[in-house]
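A.B. asks: Structure below; questions to follow.
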Amino acid sequence: MSNHSGLDKPDFGAWVKNVWQVVQGIPRGCVLTYGEVARLAGSGGSARRVSQAMRRAPRGMELPWHRVINAQGGISFPLDSEGYRQQKALLEKEGVVFRNGKTNLQRYGYAGALDRLLWGETES
DNA sequence: CCATTGACCGGCT
DNA sequence: TAGCCGGCCAATG
């Protein structure tokens, strides 16, 4: 029951809200990949849906969207777009360093944060 | 309703 | 290291 004519949407809407919360939980100066955000929000969607979820965020909602990057450690906007420049600028302002258009996920990413807690500032 | 798109990802060559 | 390919799934035309 309840499944009839377009009812019972697989709570994609709920998943979207989870995405917002996950993104809001990313500390300043740190980053998370689309895939990681998707997973932390629950196994309902996929990495590709994360961008849609963030675009759906209400105007005025505080959402550090710039802390979400791709699994290669780079920004996923076209290189010559305004979004690319803006995201990079926001991240650099938080101390995230780019080398050849990519950041070191081992250092700024999720796993990196754990490693630093356990091993301290190993880094090279 | 079918086809294409997209702020992606992992595996394979 | 770099590039191609298939899968993913809601949104858009």
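Derivation of every value follows stated rules applied to the coordinates shown; laboratory data play no part. The model shown is predicted, which means the values in this text are computed figures rather than measured ones. Neighbour counts are summed over all protein chains in view; Cβ atoms, including those assigned to glycine, are modelled from backbone coordinates with ideal geometry.
A.B. asks: Do any residues in the range A:35-46 that are under 14 Å from A:ASN70 (Cβ atoms) and in contact (Cβ under 8 Å) with a residue 40 or more places away in the chain have Cβ atoms under 8 Å from those of residues that are of a type in the set (S, T, N, Q) and within 7 Å of DNA strand B (Cβ to nearest atom), where the two are at least six apart or on different chains, and which pairs are they?
C.D. replies: Pairs found: none.
A.B. asks: Being more than 12 Å from DNA strand C (Cβ to nearest atom) and in contact (Cβ under 8 Å) with a residue 40 or more places away in the chain is the requirement here; does A:GLY29 meet it?
C.D. replies: Numbers: more than 12 Å from DNA strand C (Cβ to nearest atom): yes; in contact (Cβ under 8 Å) with a residue 40 or more places away in the chain: yes.
Yes; evaluated as a whole, the condition is true for this residue.
A.B. asks: Additional query: Among the numbered criteria (1) more than 9 Å from DNA strand C (Cβ to nearest atom); (2) touching a residue at least 24 places away in the same chain (Cβ under 8 Å), which single criterion is violated by A:TRP15?
C.D. replies: (1)
A.B. asks: Filter the range A:21-35 down to the residues that are surrounded by 15 or more Cβ atoms within 10 Å (Cβ to Cβ) and either farther than 18 Å from A:GLY73 by Cβ or touching a strand residue (DSSP E or B) at 6+ places or on another chain (Cβ under 9 Å) (or both) and list them by number.
C.D. replies: A:VAL22, A:VAL23, A:ILE26, A:VAL31, A:LEU32, A:THR33, A:TYR34
A.B. asks: Any residue at all in the range A:70-88 that is of a type in the set (A, V, I, L, M, F, W, C) and without any contact (Cβ under 8 Å) to a residue 12 or more places away in the chain?
C.D. replies: Yes, there is a match, as at least one residue in the range A:70-88 is of a type in the set (A, V, I, L, M, F, W, C) and without any contact (Cβ under 8 Å) to a residue 12 or more places away in the chain.
A.B. asks: Return the only residue of A:LEU63, A:LEU91 being away from DNA strand C (no atom under 16 Å from the Cβ), under 20 Å from A:TYR110 (Cα atoms), part of a helix (DSSP H, G or I) and not small (Gly, Ala, Ser).
C.D. replies: Details: A:LEU63 fails: part of a helix (DSSP H, G or I).
Being away from DNA strand C (no atom under 16 Å from the Cβ), under 20 Å from A:TYR110 (Cα atoms), part of a helix (DSSP H, G or I) and not small (Gly, Ala, Ser) holds for just one of A:LEU63, A:LEU91, which is A:LEU91.
A.B. asks: Could you check the range A:36-55 and list, in sequence order, the residues that are surrounded by fewer than 14 Cβ atoms within 10 Å (Cβ to Cβ) and either within 9 Å of DNA strand B (Cβ to nearest atom) or assigned to a helix (DSSP H, G or I) (or both)?
C.D. replies: Scanning the range A:36-55 gives A:SER46, A:ARG48, A:GLN52, A:ARG55.
A.B. asks: Can you find, within the range A:82-119, the residue that is farthest from A:VAL37 (Cα to Cα) among those that are among the polar types (S, T, N, Q) and surrounded by 12 or more Cβ atoms within 10 Å (Cβ to Cβ)?
C.D. replies: The extreme case among them is A:GLN86.
A.B. asks: Out of everything in the range A:16-32 that is within 14 Å of A:GLN87 (Cα to Cα) and in contact with a Phe, Trp or Tyr (Cβ under 9 Å, 6 or more places away or on another chain), what residue ends up being nearest to DNA strand B (Cβ to nearest atom)?
C.D. replies: A:LEU32
A.B. asks: So in the range A:69-81, with the set limited to residues that are in a loop (DSSP other than H, G, I, E, B), among the aliphatic types (A, V, I, L, M) and near DNA strand B (Cβ under 9 Å from one of its atoms), which one is surrounded by the most Cβ atoms within 10 Å (Cβ to Cβ)?
C.D. replies: My answer is A:ILE75.
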